[in-house]
Structures are given as C-alpha cells and as structure tokens.
Amino acid sequence: MQKYSEFSCFNVFSPAEFVAHVEINRPKSLNSFTPTAWKQLRDIFNLLSLDRDVRVIVLSGAGDRGFTAGLDLTEETFNLLSGAPLEEERLRFYKHQVIKEFQDSISAIENCRKPVIGVAHGISYGLAIDILSAADVRICASNVRFSIKEVDIGLAADIGTLQRLPKIVSSQSWVKELAYTARDFGAAEAERYGFVSYVLEDKQQALAKAMLIAGVIAKKSPVAVQGSKTLINYSRGRPVQEGLDYTAAWNAFALGNDMFEAAMAAKLRKPVSFEKL
Ligand SMILES: CC/C=C\C=C\CC(=O)SCCNC(=O)CCNC(=O)[C@H](O)C(C)(C)COP(=O)(O)OP(=O)(O)OC[C@H]1O[C@@H](n2cnc3c(N)ncnc32)[C@H](O)[C@@H]1OP(=O)(O)O
C-alpha cells in the first residue's frame, strides 16, 4: 500500500478489499526489532486504526526462518537502551521512558480499532509473544518455536507478555514455568493451552487461513466488528456488570438504522452492503 511505503522495516500489502497485511521485513536479522522497527510498528498500527480502507489486519514475518527473533541484539539497540553517557538519575528516568515507549508500540496493536490476526512461524521469541498476545486472533505453522526468552537476556519481560498472556491462556502455572525457564514450546502446546486457535502445516497455509478469516471479517459491519473488539477488551478483567453497562451505552450510541437494514437483509437472505459505514 503506497501510503505505508515509507516504513523501511515493514511491508504493508492489501491482499483483498479492506484487508491489510503487515509483514515484519528484516529477514536477514530474523525479523528482530531495532528501535526504528518498534517505532514503525507503533506508527503503522496507529495509522491503520484510522484508515477507512482497512477493516482487518494480518500480521506476519517475512522469510522462512521465523516470525521474529525478538529484540535486536546489536550494538545499535544496546546503545539506545543503555542510555549512556547520561548520569545516574537521568539514566533511570531515560530507561523508564524507553520502556514506556516500547510498551506503547505493542499496545498500538491492542488499541488498534481493527482486529489483528497474528501468524507465527519458525522462530517466535521474546517480542514475538508480546506482539502476538496483543493481537486478537493467533494462528501458527507447525514449525513454530515460541519462547518467552527474556530471562535468557537478563530481563523480566516488560512490554506486555506477563500482563496479557495470563489473560489469554488457561494455566498460570504454564505461563510462569515458561517465563522463568525461557524454554522453547511448539505448536501443539500453544494450541493445548489456547494461545493459538489454529495450527497449519506450514507458513503459507497459516497465512492462507488468516486471509480466509480476514476476508470474512472484512465483509461484516465495521461498526459491529470494531465495537466487538472494543467491548471484549474493555470487559476483560472488569466485573461483568461494569462490562454490561459500558456495552449498553456503547451500543445505544453505535446502533443506527443501518443495523436494522442489515438485520432485515440477513433475514431475507439478501447480500448486505456496509459500504456507507
Ligand atoms: C526494553 C526491552 C524491550 C523488549 C525486550 C524484548 C526481549 C526479547 O525479545 S528477548 C529475545 C531476544 N532474542 C534472542 O535471544 C534470540 C537471539 N538469537 C538466537 O538465539 C539465534 O539466532 C536463534 C534465534 C536461536 C537462531 O539460531 P540459528 O538458526 O543458528 O540462526 P542464526 O545464524 O543465529 O541467525 C540468523 C541471522 O539472524 C541474526 N539474528 C538472530 N537473532 C537476532 C537478534 N535477536 N538480533 C539481531 N540479529 C539476530 C543472526 O545474527 C544471524 O545474522 P548473520 O548476519 O547471518 O550472522
């Protein structure tokens, strides 16, 4: 897509009407994330959120090796994270700011109004789990190798995995074991605990499945789909009644006459058009 061509670390395609495909495009470095890459990730998802030509997004990694090997472990990134040569007090303040900015990049996926379908294959380490946990739907290829890798580089995961993953999967025990050990886990385990909803034979098939789901979503009312994303995310972790109250207010505001036209058309089995929404 022309309007996204300035982003050097990503490709953004439009494989079908109202569908955007964002591809992390640093395959020579196993799609690892430099500071430039994580800022571009934020900017792309903020733009897509408001892009009227886009209703659903598929996110994957370029090349055969993997979705991403996580944080870029080169001097450039190390220098930025280290904050040198700032003195002690400013250094801590600076580091806090960098982590917050990085967190915001991942949150841009969750806060994007449009649903995001993450497609993982091969190496999917560290940041991969942060990113995929912020996505709405997760699909993977059978060769995927996930790891909450941060403890292996001396960090407690700090940009979303520890907050989002326990809300997605069925076992705290499993999350904690993975976070403390950084051991690799594969597609079958990810599916068993509910981290991914589909495992496909290879990357191409996983992408095809994601496109199929995206195609269905793209034809639905964007008001209804984006409302659903907002309401599910709002209700997560809040008392049911609070979620219901917010939902009532949201739908009272969001439901227009088009909604009833669509319902009638569905009843009469006529094709529904959401072009005006
Ligand atoms: C404020 C903090 C915020 C965020 C923190 C995020 C935390 C994380 O993301 S933790 C995860 C960090 N990543 C890693 O620890 C993975 C490091 N890489 C590896 O262990 C290995 O590369 C491998 C993934 C196991 C794959 O091994 P192998 O199959 O032998 O391939 P390689 O030859 O090692 O890699 C190919 C090519 O990619 C480059 N590369 C791989 N990972 C990274 C990386 N993380 N950063 C930069 N570059 C990476 C590797 O150097 C190779 O490049 P060449 O030019 O061919 O040497």
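Bear in mind these aren't lab numbers, they're just calculated from the coordinates by the rules spelled out. Note that the coordinates shown come from a computational prediction; the quantities given were computed from them, not determined experimentally. Neighbour counts run over all protein chains shown; Cβ positions are idealised from the backbone, glycine included.
Observations on the structure shown:
- Inter-probe distance in nm under a simple model that places probes 7 Å from Cα toward Cβ, at Ala208 and Ser5: 3.1 nm
- Multiplying the residue separation of Ala254 and Ser142 by 0.36 nm and subtracting their alpha-carbon distance yields 36.3 nm.
- Listed residues Phe67, Phe78, Phe33, most fluctuating in the chain (Gaussian network, C-alpha, under 10 Å): Phe78
- Rounded to the nearest angstrom and listed largest first, the equivalent-ellipsoid semi-axes of the range 26-119 from its Cα gyration tensor are 28, 18, 8.
- The residues neighbouring Tyr198, those whose beta-carbon lies less than 12 Å from its own, together hold a net charge of 0 under the Lys/Arg +1, Asp/Glu -1 convention.
- FRET efficiency, Glu201 to Glu89 (Cβ-Cβ, R0 35 Å, nearest 0.05): 0.05
- When the charge dipole of the chain is built from unit charges on Cβ atoms (+1 for Lys and Arg, -1 for Asp and Glu) and taken about the Cα centre, the candidate among Phe13, Gly160, Ala208 whose Cα reaches farthest toward its positive end is Ala208.
- With Cα atoms, 0 to 90° folded angle of helix 88-111 axis to the chain main axis: 30 degrees
- Spin-label model distance (nm) - Ser228 vs Arg183, 7 Å beyond Cα toward Cβ: 3.7 nm
- Point-charge dipole on Cβ atoms (K/R +1, D/E -1) for the chain, about Cα centre, debye to 20: 900 debye
- Fraction of antiparallel bridges per DSSP, the range 1-96 only, in percent to nearest 5: 40 percent
- Net +/- balance of residues flanking Val119 in space, Cβ distance below 12 Å, scoring K and R +1, D and E -1: +1
- Listed residue pairs exceeding 32 Å between alpha carbons, taken from Lys100/Lys220; Lys100/Lys167; Lys176/Lys219; Lys3/Lys176; Lys176/Lys203: Lys100/Lys220; Lys176/Lys219; Lys3/Lys176
- Acute angle (nearest 10 degrees) that the helix 172-181 long axis makes with the longest principal axis of the chain, alpha-carbon atoms: 30 degrees
- Helix axis angle, 240-254 relative to the chain longest principal axis, alpha carbon, degrees: 60 degrees
- In this simple spin-label approximation, Leu73 and Val151 carry label points 7 Å from Cα along the Cα→Cβ vector, and these lie 1.7 nm apart.
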